[in-house]
Amino acid sequence: MSDLKTEFAEFVSKLAPYYQKPKEKPESFAKRLLSSVYLEEDDNDSNELLPRTYKSYYYGDSNITKPAKIILKSPDFANFENFIETDNEDTQEYLCQVFEKECPGINKDNYPVKISNYYKALVERAGKGRRAKKPTAESVTKEADLKEKYGATLVAEENGHCPVKGCPNSLFIHSDGNSIENYEVLVIDPSLSKNKQHNLIALCPTCSRKYLLQRSADQILQMKELKKEILQNAKLQESLADEKIEDEICAVLDAIPNLTQAKDVDLNYTPVALKEKIDSQNVMLLNRAKAHVDLYFTPLNEKFKELEATRKFHYERFCTQVRFMYFKFRDQGMDQLTIYNSMVTWLKQVTNGDEYCCAIVISYFIKDCEVFDAPTK
Ligand SMILES: [Zn+2]
């Protein structure tokens, strides 16, 4: 993992996506990078290094002290400007992005000079024999070990979805009845302990790559905030899961088929609450909820009141649970119809109730509770 990387390995990993040739071995790429800044004359020093050593430079297992000393005898960083210069705008944009921290003020005009200067400084630092960060026993923990040790817990607290805001990816891919892992376990803040669950997060491969490439102080802070939110939600969820869905709601569900449906319903009238809360483009959902509310709102309302009077049923508490589930689904980026369907499925699972009756109850809560936020006017 990049936490353990030397500065050179970090540098290599930023260039590799665009500069390592297809099928070029890591050791060849590392060698090519180092040779590109070395004015080879009669020196055979650089050829003495074994490919295995280049490989360890590439992965950051050892520092480039030795080649750096050789390079500094006869450096040619101007050549590296040619090496890195490209007409491809995507590559230019990428470079400006990933070297933003190391090369302040980098842009599409100055990137060859900026990156070359940074490379030079890096080689000079390495040549002075500054040692690579010595891995502590803890930091030796490999990514695979972290995944094995913490993966399941992290995925559970994230409800199986990539927690990055706006990311639609699931942490599992379902195919032919099997689920395949679709996540990486990442260290949020490399300066803190790596072997602690609160400093780890499971992200989909896309978000993982992005985070590893741009792990700036700002990004780390944002990721910490996200983790805090995840932990809070998980805690809340735990306490709600402990709280059993009240038996009475099952009684409500059982009672629905026998409830007297409302009569003389004005079919042209849609309750304001529904119109306000359901996106008007969602005709199917609006119609479905309207049908439920038209027919069952009043009798259900009476049923709830009746139960509340027995003091065995706490309407507000149940409402909170329903709302909580709503937030949970909403925060996963679901659209209204998917949220609705997910809530029906949830109620069906926890009550073992009939799906149609569960749908009626959820529709009831859309009208009566803060399920679906009314748009701000
Ligand atoms: Zn993601």
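We did not get these values from a lab; they are worked out from the coordinates using the rules stated. Just so we're clear, the structure is a prediction, and the values are computed from it rather than from any experiment. So basically every Cβ, Gly included, is an ideal-geometry build from the backbone, and we count neighbours across all protein chains shown.
Observations, loosely collected:
- Computed over the range 2-127: relative contact order in percent, which uses C-alpha pairs under 8 Å that are six or more apart: 30 percent
- Descending principal axes extents, the range 2-127, alpha-carbon based, whole Å: 37, 28, 26
- Spin-label model distance (nm) - Lys120 vs Phe327, 7 Å beyond Cα toward Cβ: 5.5 nm
- Label-to-label distance, nm, for residues given as Asn88 and Glu40 (7 Å Cα→Cβ offset): 2.4 nm
- Length-normalised contact order of the range 143-237 in % [C-alpha pairs under 8 Å, at least 6 apart]: 27 percent
- Nearest-0.05 FRET efficiency for Arg32 and Ala152, computed from C-beta distance (R0 45 Å): 0.65
- Computed from the C-beta positions of Asn169 and Thr320 and an R0 of 22 Å, the FRET efficiency is 0.15 to the nearest 0.05.
- Spacing of the two label points (7 Å from each Cα toward its C-beta) at Lys21 and Thr338, in nm: 4.3 nm
- Rounded to the nearest 20 debye, the dipole size of the range 2-127 about its Cα centre is 440 debye, using +1 on the Cβ of Lys and Arg and -1 on the Cβ of Asp and Glu.
- Calculated FRET value between Tyr356 and Lys228, using beta carbons and R₀ = 25 Å, to 0.05: 0.05
- Stretched out straight at 0.36 nm per residue, the stretch from Leu236 to Ser193 would grow longer than its current Cα-Cα span by 12.9 nm.
- Farthest positive-ward along the range 143-237 dipole, Cα basis, beta-carbon charges - from Asn195, Gln222, Ala144: Gln222
- Shown here are the Rg and Dmax of the Cα trace of the range 247-368, at 14.0, 41 Å.
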